[in-house]
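Visitor: Pasting in a structure now, in structure tokens, and then I'll have a few things to ask.
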Amino acid sequence: MSILVLGMGNVLMGDDGLGVHALRRLAGEGLTGVDMLELGTSLADCFSLLEGYDVIVALDAVMAGGAPGSLYRLSRRELVRAERGGLSLHECELLDALDLAALRGRHPLLHVAGMEPLNVTAWSMELSAPVRENMARYLTMIRNDVREFAERRGSSAERARAAEDARLRGDASRISVFSLQGRPSR
């Protein structure tokens, strides 16, 4: 399972660029086991890149009405459901890029790690105080999410190896089918 971490937003518009700021911090720390892309706001041209990954972790400002600095985890389903309300300035373009990838037969899992911004309309290269104060918690949340996806990758690989071993032994009756959550399906 390949994982892409996307830093989204416009660093010239204050908190709108918090995804890019977070990605730069993670890259500086040497986050391993993932590819990283500072996408900024050029989503329309990235669908061919996105389709090459199994999991996409998008870092972005999410306007869900919480207090500035609030942290959010959103699945694609939650993002689509909230699309009319406009949780993120970039969600529609990201969903469009994933829809284009789907037309080509690729269906990456989307996970949005978001933070409530204070201001996304003022020209500034600085993050607001509430976003700066919660950046460490945000980075911890992202690291934990990436670790969880990487562990799923490992357990998926182990299940695939066990299934192949059982198939080669002619012992297919012992193979369980697993859902995406790693629980046996019925």
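Visitor: State all residues of the stretch 37-57 that are farther than 27 Å from PRO68 by Cβ and assigned to a strand (DSSP E or B); if no residue qualifies, say none.
Guide: VAL55
Listed here are the residues, each with its yes/no results for (1) modelled with pLDDT of 90 or more; (2) within 12 Å of the chain's Cα centre (by Cα); (3) more than 26 Å from MET1 (Cβ to Cβ); (4) hydrophobic (A, V, I, L, M, F, W, C).
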{"site": "SER70", "(1), (2), (3), (4)": "yes, no, yes, no"}
{"site": "SER88", "(1), (2), (3), (4)": "no, no, no, no"}
{"site": "ASP96", "(1), (2), (3), (4)": "no, no, no, no"}
{"site": "LEU103", "(1), (2), (3), (4)": "no, no, no, yes"}
{"site": "PRO108", "(1), (2), (3), (4)": "no, yes, no, no"}
{"site": "LEU127", "(1), (2), (3), (4)": "yes, no, yes, yes"}
{"site": "LEU139", "(1), (2), (3), (4)": "yes, no, no, yes"}
{"site": "ARG152", "(1), (2), (3), (4)": "no, no, no, no"}
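Visitor: Please identify the pairs in which a residue from the stretch 36-58 that is modelled with pLDDT of 70 or more has its Cβ atom under 9 Å from the Cβ atom of a residue that is buried (at least 16 other Cβ atoms within 10 Å of the Cβ) and among the hydroxyl-bearing types (Ser, Thr, Tyr), counting only partners at least 6 apart or on another chain.
Guide: From the stretch 36-58, the pairs are ALA58/SER88.
Visitor: Continuing with this model, one more query. So which residues in the stretch 1-36 are in a strand (DSSP E or B) and buried (at least 19 other Cβ atoms within 10 Å of the Cβ), if there are any at all? If you could, list the steps in order and put the result at the bottom.
Guide: Our first condition is that a residue be in a strand (DSSP E or B); within the stretch 1-36, this holds for 3-8, 13, 35-36.
Within the stretch 1-36, ILE3, LEU4, VAL5, LEU6, GLY7, MET8, MET13 qualify.
Visitor: May I pose another question? Looking at the stretch 72-81, can you tell me whether even one residue there is buried (at least 17 other Cβ atoms within 10 Å of the Cβ), at pLDDT 85 or above and closer than 27 Å to MET135 by Cβ?
Guide: yes
The values are calculated or read from the model by the stated rules, or taken from the named source; none is laboratory data. The model shown is predicted, which means the values in this text are computed figures rather than measured ones. With ideal geometry, Cβ positions are generated from the backbone for all residues, glycine too; neighbour counts draw on all protein chains shown.
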